[in-house]
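The values are calculated or read from the model by the stated rules, or taken from the named source; none is laboratory data. For clarity, every value in this text was computed on a predicted model and none was experimentally measured. Using ideal geometry, Cβ is built from the backbone for each residue, glycine included, and neighbour counts are taken over all protein chains shown.
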Amino acid sequence: MILYLLLVVAGLVCLIYGANWLVDGASALAKKYKMSDLAIGLTIVAFGTSAPELVVNVVASINGHSDLTLGNVIGSNNFNTFIILGLSGLIMPIAVQSSTAYKEIPMSLFVTVLLLFMLNDFGFSGEGSLSRFDAIVLFALFLLFMYYVFNQMKADSAPATAVVVKSNVTIGSLILLGLVGLAAGGHLVVKNSVAIANALGVSEKIIGLTIVAAGTSLPELATSVVAAIKKNSDIAIGNIIGSNIFNISLILSVSAFIRPIAYNPKFNQDLLVLIGGTVFLLMAVLIGKRKQLSRWEAAFLFVSYASYMLYLVMQEL
């Protein structure tokens, strides 16, 4: 058991370093070709923080671990919404731009509600799944979101900041190291998380919702907490909302393309929690004179989900 835990930790370290190296290499490459800071942030960095979830899900899908596939994404999105935003908001009340309040948070809510209906086959059958047709729909929504992001980038005319340009060898090495780290980390996390579930007699669902989800969300945690400390609300909340949309529309669509995902109806409860948290966030930033997530609202998010996770684990043990 201790060996399995150590290997999971080693896998998470590989995922985090791999994602960082990939982002650094890709960002340096983008800078070399004069891409703006905003373009890099909304595309490369957003993808980089979601890369651990993507790799874990691809490995889990190939090996047929449907509960781990769904648990990772649903758990990561809940962890992002409740724990990371909760911690960030406790550090500093998070101001929210109008576009985030009126467009991006509702987009995140829409894809989550749509996923709930898709997984339950829109109520037409007792056995739900995420089919390849569902994957096509989700991927189309991902492309629409990217189109929206690029339109937002056009509206931002700020020039890229001056940076020291890395050599092609350095850039290539960072990208290669990142890909190797992600591949190795994904294999270690999935293989040993399943072994832990079997050894403890708990479901892959719980392992996916807790250990794997929290571990693969560490890049988002680091990004948002540092942004909150530096009083950069846009990055703190934009990173989370963008990651949640990426996780459902891109990562689950890729996973279902590889292998249609069998659905455990017990996930309905976790999806409803995610929908509730997103609605609470939307109401928090829309109600009141200032569009912001206050400290008491952030504390509510953090405490409520921590309590929910404790309840889930106690149900299994």
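Miscellaneous remarks
- The range 197-215: number of residues that are crowded, with 20+ Cβ neighbours inside 10 Å, β-branched (Val, Ile, Thr) and either in contact with a Phe, Trp or Tyr (Cβ under 9 Å, 6 or more places away or on another chain) or farther than 20 Å from residue 13 by Cβ (or both): 1
- Any chance residue 306 is small (Gly, Ala, Ser), over 14 Å from the mean Cα position of the chain (by Cα) and within 23 Å of residue 55 (Cβ to Cβ): no
- Within the range 201-211, tally of residues that are in contact with an Asp or Glu (Cβ under 9 Å, 6 or more places away or on another chain), of a type in the set (A, V, I, L, M, F, W, C) and assigned to a helix (DSSP H, G or I): 3
- Residue 128 meets each of the listed conditions (1) under 29 Å from residue 223 (Cβ atoms); (2) buried (at least 17 other Cβ atoms within 10 Å of the Cβ) apart from (1).
- Helices (runs of 4 or more DSSP H) (entirely within the range 222-307) containing at least 1 residues that are surrounded by fewer than 16 Cβ atoms within 10 Å (Cβ to Cβ) and free of Cβ contacts under 8 Å to residues at least 60 places away in the same chain: 267-286
- Candidates in the range 125-152 are the residues that are of a type in the set (S, T, N, Q) and part of a helix (DSSP H, G or I); of these, the one that is modelled with the highest pLDDT is 151.
- The C-beta contact set for the range 85-102 (first residue within 15 Å of residue 283 (Cβ to Cβ) and buried (at least 18 other Cβ atoms within 10 Å of the Cβ), second residue modelled with pLDDT of 85 or more and β-branched (Val, Ile, Thr), distance under 6 angstrom, 6+ apart or interchain) comprises 85/240; 96/285; 101/285.
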